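What follows is a set of notes on a single structure, which appears directly below.
The values are calculated or read from the model by the stated rules, or taken from the named source; none is laboratory data. Being a predicted model, the structure only gives us computed values, none of them experimental. Cβ sites come from the backbone with ideal geometry, for glycine too, and all protein chains shown count toward neighbours.
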Amino acid sequence: MISRRDWLSRSLAGALVTRLGLSETVAQPKPSFPLIISTWNNRRANEAGWAILSKKGRSLDAVEAAARVPEADPKDTSVGYGGLPDRDGNVTLDACIMDEQGRAGSVSFLQHIMHPISVARQVMEKTPHVMLSGEGALQFALANGFKKENLLTDSSRKAWEDWKKESKYKPVVNIERHDTIGVLAVDANSNFSGACTTSGLAYKMHGRVGDSPIIGAGLFVDNEIGGACATGLGEVVMRALGAFLVVELMRQGKTPQQACEEAIRRMVKKTPEYRDLQVGILAVNRAGQYGAYSIQKGFNYTLTTGGETLVREADFFMK
Ligand code: GLY
């Protein structure tokens, strides 16, 4: 477990490199498993995962428990219940999960189910497939005991009705400083798992699916190397297969921070309109190092290890 002293020195080193605008290569933390790290300010989600990890539970259970927190939170407008709908007023959800054996489960364009992450896990565990989509995913969920629910809250309906007055189809950067939730966890046995869940781009076209349920785009875990997850505009992440790219860069020897920076640079290079959008990436490797980087200011992440939780601002490309 990480000591408070290690934790402080890591934080100070991180703050210093951030101030200097450097990659976080000077802070080489010792392995400190278990740990859980998630996109954005997500303390309650991390705590739900930590409750499992701290009792020597499995990282797969931890990431699922963590993802379920924002999914059930009506105030979180980019995930699950209360998520902003598509342009026709439908809340459509994407989620995926991966475990330490490289098994994967995913649902896309799923409606009426509050916990898509748990449906994704059941796709992984109960079917010969990786991804179920739309009506088929809904039928599978209902057949496996999930309840059909209305996920549009009064507040998200009002936001949609306000949006319809102008119907401007433009992603909002760092929506309420919150967006797709990606979670990576390493348990006491040094096994990695990851989860990713979202209601996707607000006011998207009906049927649009983003990066979050695409294995390798929104999430990738390789127990030999580590894991990565993404948040932000899915189209940009999908074109680069962002999470897989980060894990492969780590396999080639880059630290998580270097890998996240390289992946974001590649996305920027092939996205002329990058100034108007946001992508954030988060990664952890087997050495217990972590990294985070985004296109623009405003991406943060939550790390819990040794029972302590810290929310940190990520370094970013657009200085
Ligand atoms: N990253 C979530 C989405 O674009 O749908």
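Numbers for the structure displayed
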quantity: Of all residues in region 126-149 being in a loop (DSSP other than H, G, I, E, B) and among the hydrophobic types (A, V, I, L, M, F, W, C), the one that is surrounded by the fewest Cβ atoms within 10 Å (Cβ to Cβ); calculated: V130
quantity: Residue count, region 28-75 (criterion: assigned to a loop (DSSP other than H, G, I, E, B) and surrounded by fewer than 24 Cβ atoms within 10 Å (Cβ to Cβ)); calculated: 15
quantity: Hits in region 162-220 - residues which are at pLDDT below 90, acidic (D, E) and either part of a helix (DSSP H, G or I) or more than 21 Å from L151 (Cα to Cα) (or both); calculated: E166, E176
quantity: Spans of strands (runs of 3 or more DSSP E) in region 230-305 with at least 1 residues touching a Gly at 6+ places or on another chain (Cβ under 7 Å) and either within 16 Å of the ligand (Cβ to nearest atom) or over 15 Å from V183 (Cα atoms) (or both); calculated: 279-285, 290-294
quantity: Residue within region 160-174 that is within 16 Å of the ligand (Cβ to nearest atom), crowded, with 22+ Cβ neighbours inside 10 Å and not aromatic (F, W, Y) present; calculated: no
quantity: Neighbours by Cβ (under 8 Å, 6+ apart or cross-chain): first from region 256-271, more than 11 Å from F317 (Cα to Cα) and in contact (Cβ under 8 Å) with a residue 60 or more places away in the chain; second among the hydrophobic types (A, V, I, L, M, F, W, C) and surrounded by fewer than 24 Cβ atoms within 10 Å (Cβ to Cβ); calculated: Q258/L249
quantity: Residue count, region 197-229 (criterion: more than 12 Å from the ligand (Cβ to nearest atom), of a type in the set (A, V, I, L, M, F, W, C) and in contact with a Leu (Cβ under 8 Å, 6 or more places away or on another chain)); calculated: 2
quantity: Single condition A95 does not satisfy, out of (1) at pLDDT below 95; (2) within 20 Å of the chain's Cα centre (by Cα); calculated: (1)
